[in-house]
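One structure is given below, encoded as structure tokens.
What follows is calculated from the coordinates using simple rules that are stated; it is not laboratory data. Because the structure is predicted, anything quoted here is derived from the model rather than measured. Here Cβ is always computed from backbone atoms with ideal geometry, including for glycine, and neighbour counts include all displayed protein chains.
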Amino acid sequence: MEQISQVLTDARHPRPMVVAQKIFETLHRPHLGADEITTRTKSRLMLVLVKQLQPLVEEIAAYDKLIEALFLTHADSVLFRSLPRAGKRLAPRMLAEIGDDGPELRKLS
């Protein structure tokens, strides 16, 4: 509470001690409250949702690997990887967005 009061004092608040006390009490009040049945029910729902998301996360990982493999086999991948801050996610996306116009891009590399 002293730190809050000091910040308010430094900011020239007219009542730093009173406001600091209110802020301190608000911060230390319980924020969420639920009975035991609601907590158990929502916990179970969360576990079901996580189980549903796991296959999706695995598919996205497989898709990312495929994109990376296709990108690395592309003739212009070296050019796009050499761009500053392109990284392994941005470079393939840039190649997909810009496309390849055949020999024109290869002349730049």
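The figures follow:
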read-out: Single match in ALA91, ALA61, ALA75 (criterion: in a loop (DSSP other than H, G, I, E, B), over 30 Å from SER5 (Cα atoms) and among the aliphatic types (A, V, I, L, M)); value: ALA75
read-out: Lone qualifier among THR39, THR9, THR26 - being loosely packed, with under 10 Cβ neighbours inside 10 Å, farther than 30 Å from ALA96 by Cβ and among the hydroxyl-bearing types (Ser, Thr, Tyr); value: THR26
read-out: Scope the stretch 74-91; condition of a type outside the set (Ser, Thr, Tyr), touching a residue at least 12 places away in the same chain (Cβ under 8 Å) and farther than 20 Å from TYR63 by Cβ; matching residues; value: ALA75, ASP76, VAL78, LEU79
